[in-house]
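The values are calculated or read from the model by the stated rules, or taken from the named source; none is laboratory data. Predicted model, so just to flag it, every value in this text is computed and none were measured. Positions of Cβ are generated from backbone atoms using ideal geometry, with glycine treated the same way; all protein chains shown enter the neighbour counts. Quick note on the areas: whole protein, heavy atoms, side chains included, nothing else; ligands and nucleic acids left out. Shrake-Rupley method; radii C 1.70, N 1.55, O 1.52, S 1.80 Å.
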Amino acid sequence: MTLPGQSLRWITGIFSAAVVAGASWLITASVYYVGNGVSIKVFTQALDFFSTWALVYAALLWIMIGLGALTNRITVILGGAAASILSALVGATVLGLGRDVVPDDLVAYAMGQLAGVGLPFVVTGTLVSAAWARRLQGDLIALARWRRPIRLAPTALVRLPASTLDQGLVSAKPRTAVNRDDADAQWDFYCATLIAEGYEVIELAAAPELADSVFVEDVLLVLGRRAVVTRPGAETRRAEIEAIDTFLASRRELRPVHITAPGTLDGGDVLVSGRTMYIGASSRTNAEGIRQLRDIARGEGYRVIAVPVSHALHLKSVASALPGGEVVGDPTRVDAAVFDHFIAAPEPEGASVLSLDNGSVLVSKAAPRTAELIARLGYRVIAIDISEFEKLEGGVTCLSARWGTSAAG
Ligand code: CIR
């Protein structure tokens, strides 16, 4: 029996939360032990003192994991900090009640405890959550599915632009001339940015006869260790698959699976936000392609939602995910109500952003107001010029297929 992703998250989350909170509890008590003359008595007193805090911390972490809130580095740090502060306040309030602190003074008492003896607990809780919560949770989910835990470094597969790039397909906008030199320079900068952000970038050789082959994302989608080789909706793009198959044959860590006829699917139609996968029903991705990917994705623990796309090439031309799970998009070209947390992008090019493993967000230089909006949400934004690829309806996501993570999750 395969449990749906959500139930599995709640069940494994009990253990992850217990380990993170338990370790934070022990480390905090050890800090007091070392800081107070290495006295066992102090250690046991500290264990006793922080036990309520640790219990509340475990419960809050469990809820956050269960709700799917701790999915990347940023949310795991912020979530850990928020949960440890809240548990310190609750723990100190319980303690205050036990010590007959009058109700009017309870808030001040709890704040005092938090800023004083509670500080090591909060710092430890945040650090342990940041270091372990996501990795542990990812490993437990993999083990619960009888799979090896994922230990793949962040990797991006790219393909050198074809010499025929300017003949790439254009469907939903007027064609304008592509400057090959600018395209090459922009592509180099894109790859350099991924490397600087911690990705291993693997280059496939250029294919002069395949004008759109630089848009690797459309032919390969990796979920955990599952490498989904798509069957692009445009017939002229199907020959791009061959190089992907050859590449995958050399990568034992990835398990290939193919979308087969009559199904068609472009990776540009697949938007993953946390454990939810939105699949665009577009001119490139048909119902059979969605059905096949839905089966694969469910097996990997994703909830799948199909989204009609009629005013753009791909779903990700009009909506894309931020690291915290929000979806930024163009409400004039996609139904915002489909998404749990939708943020309207002020520019059309801002609807297509790329969230990196480290929590940074790549945004097209053509969307400065969207970049500002995302930065105001607290994300580190990297603006990147991809104007030559945008002329061919490509965005920041489509120039690479990505997998792996610096922490499993
Ligand atoms: C095409 O029409 O297939 C290419 N000219 C553009 C593909 C862009 N892909 C993407 O955004 N995922």
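Residue farthest toward the positive end of the dipole of region 155-293, with Cβ of Lys/Arg at +1 and Asp/Glu at -1: which of VAL222, LEU210, ALA261?
ALA261
Please get the size of the charge dipole for region 99-190, origin at its Cα centre, with Cβ charges of +1 on Lys and Arg and -1 on Asp and Glu, quoted in debye to the nearest 20.
680 debye
Using only the Cα atoms of region 1-103, what are the Rg and Dmax in Å?
Radius of gyration, then largest Cα-Cα span, for region 1-103: 15.9, 53 Å.
Rounded to the nearest 0.05, what FRET efficiency do ASN179 and VAL123 have when you use their Cβ-Cβ distance and R0 = 51 Å?
0.50
State, as an integer percentage, the relative contact order of region 65-111 based on alpha-carbon contacts under 8 Å between residues 6 or more apart.
After rounding, I find 28 percent.
Heavy atoms only, probe 1.4 Å: what % of the accessible area of region 322-409 goes to carbon and sulfur, would you let me know? Write out the running numbers ahead of the final one.
Numbers: 1550 of 3070 Å².
Its accessible area is 51 percent carbon and sulfur atoms.
Taking a quarter of the surface of the convex hull around the Cα atoms of region 202-254, what do you get in nm²?
Working: hull surface 14.6 nm².
Orientation-averaged projected area of the Cα hull: 3.7 nm².
So if I place +1 on the C-beta of Lys and Arg and -1 on the C-beta of Asp and Glu, and nothing else carries charge, what would the dipole magnitude of region 237-328 be about its Cα centre? I want it in debye, nearest 20.
Dipole size: approximately 160 debye.
Mean residue ellipticity at 222 nm from the helices of the chain, using -39,500 (n - 2.57) per DSSP H segment of n ≥ 4 over the full residue count, to the nearest 500 deg cm²/dmol?
Computed ellipticity for the chain at 222 nm equals -13500 deg cm²/dmol.
What number in nm² do you get for the chain if you take the convex hull of its Cα atoms and divide its surface by four? Walk me through the numbers before you get to the answer.
Working: hull surface 89.7 nm².
The directionally averaged projection comes out at 22.4 nm².
Using a simple charge model, +1 on the beta-carbon of Lys and Arg, -1 on the beta-carbon of Asp and Glu, nothing else, what dipole does the chain show about its Cα centre, in debye to the nearest 20?
Approximately 1320 debye in magnitude.
Could you state the per residue volume, in Å³, of the convex hull enclosing the Cα atoms of region 268-409?
Each residue corresponds to 103 Å³ of Cα convex hull volume.
In nm, give the distance between the simple-model label positions of ARG255 and ILE195, each being 7 Å from the Cα along the Cα-to-Cβ direction.
According to this spin-label approximation, the distance is 3.3 nm.
Please find the FRET efficiency linking LYS41 to ALA18, where r is the Cβ-Cβ separation and R0 is fixed at 35 Å, and quote it to the nearest 0.05.
Numbers: r = 26 Å, r/R0 = 0.75.
For LYS41 and ALA18, the calculated efficiency is 0.85.
Rounded to the nearest angstrom and ordered from largest down, what semi-axes does the equivalent ellipsoid of region 316-362 get from its C-alpha gyration tensor (root of 5λ)?
Ellipsoid semi-axes (Å, largest first): 17, 12, 7.
Restricting to Cα pairs below 8 Å that are 6+ residues apart, what does the relative contact order work out to for the chain? Please round to a whole percent.
17 percent
If you wrap a convex hull around the C-alpha atoms of region 220-309 and split its volume per residue, what is the figure in Å³?
Dividing the Cα hull volume of region 220-309 by its residues yields 81 Å³.
Please report, as a whole percent, how much of the solvent-accessible surface of region 26-69 comes from carbon and sulfur atoms (probe radius 1.4 Å).
Answer for region 26-69 is 74 percent, counting heavy atoms of protein chains only.
On each of the three principal axes of the Cα atoms of region 154-271, give max minus min coordinate, whole Å, ordered largest first.
39, 38, 26
Per residue of region 167-183, in order, report the coupling 6.51 cos²θ - 1.76 cosθ + 1.60 (Karplus, θ = phi - 60°) as ³J(HN,Hα) in whole Hz, putting x for Gly and Pro.
9, x, 5, 9, 10, 9, 8, x, 7, 10, 5, 9, 8, 4, 5, 4, 4
In whole Hz, what ³J(HN,Hα) sequence does region 295-309 give by Karplus (6.51, -1.76, 1.60; θ = phi - 60°), x for Gly and Pro?
With coefficients 6.51, -1.76 and 1.60, one gets 4, 5, 5, 4, x, 8, x, 9, 8, 10, 10, 8, 10, x, 10 Hz.
With the calculation restricted to Cα positions, what are the radius of gyration and Dmax of region 130-207 in angstrom?
18.9, 52
For region 23-158, restrict the atom set to alpha-carbon positions and state the Rg and Dmax in Å.
Cα only, region 23-158: 17.5, 64 Å (Rg, Dmax).
Extending each Cα 7 Å along its Cβ direction at ASP188 and ILE305, get the distance between those two points in nm, one decimal.
Here the modelled spin labels are 4.2 nm apart.
For region 325-392, rounded, prolate or oblate, judged on the Cα gyration tensor with a ≥ b ≥ c (square roots of eigenvalues), a/c < 1.5 rounded, else prolate if a/b > b/c? Write down the numbers at each step before the final one.
On the way: a/c = 1.74, a/b = 1.13, b/c = 1.54.
Cα axes put region 325-392 in the oblate bin.
Below 20 Å, Cα to Cα, which lysines can LYS173 reach? Residues fewer than 8 away in the same chain don't count.
Result set, ordered by chain and number: LYS316, LYS365, LYS391.
Given a 1.4 angstrom probe, I'd like the percentage of the accessible area of region 186-297 that is carbon and sulfur, rounded to a whole number.
53 percent
Rolling a 1.4 Å sphere over the protein heavy atoms, what is the accessible area per residue of region 344-409, to the nearest Å²?
32 Å²
Where both partners of a DSSP beta bridge lie in the chain, what percent of those bridges are antiparallel, to the nearest 5?
Details: 16 of 38 bridges.
Counting DSSP beta bridges with both partners in the chain, the antiparallel share is about 40 percent.
Classify region 88-141: rounded, prolate or oblate, from the alpha-carbon gyration tensor (a ≥ b ≥ c, eigenvalue square roots; a/c under 1.5 rounded; otherwise prolate if a/b is larger than b/c)? If you can, show how the numbers build up before the last one.
Working: a/c = 4.69, a/b = 2.68, b/c = 1.75.
Prolate is the answer for region 88-141, as a/c is 1.5 or above and a/b outweighs b/c.
Suppose all protein chains stay in the model; what accessible area per residue would a 1.4 Å probe give for region 129-286, in Å²?
43 Å²
Taking amide hydrogens as modeled 1.01 Å from N in the peptide plane, which residues meet the under 5 Å criterion relative to ALA383, leaving out close sequence neighbours?
VAL363
³J(HN,Hα) across region 252-262 via Karplus (A = 6.51, B = -1.76, C = 1.60, θ = phi - 60°), whole Hz, x for Gly/Pro?
After applying 6.51 cos²θ - 1.76 cosθ + 1.60, I find 5, 6, 10, 10, x, 9, 10, 7, 10, 4, x Hz.
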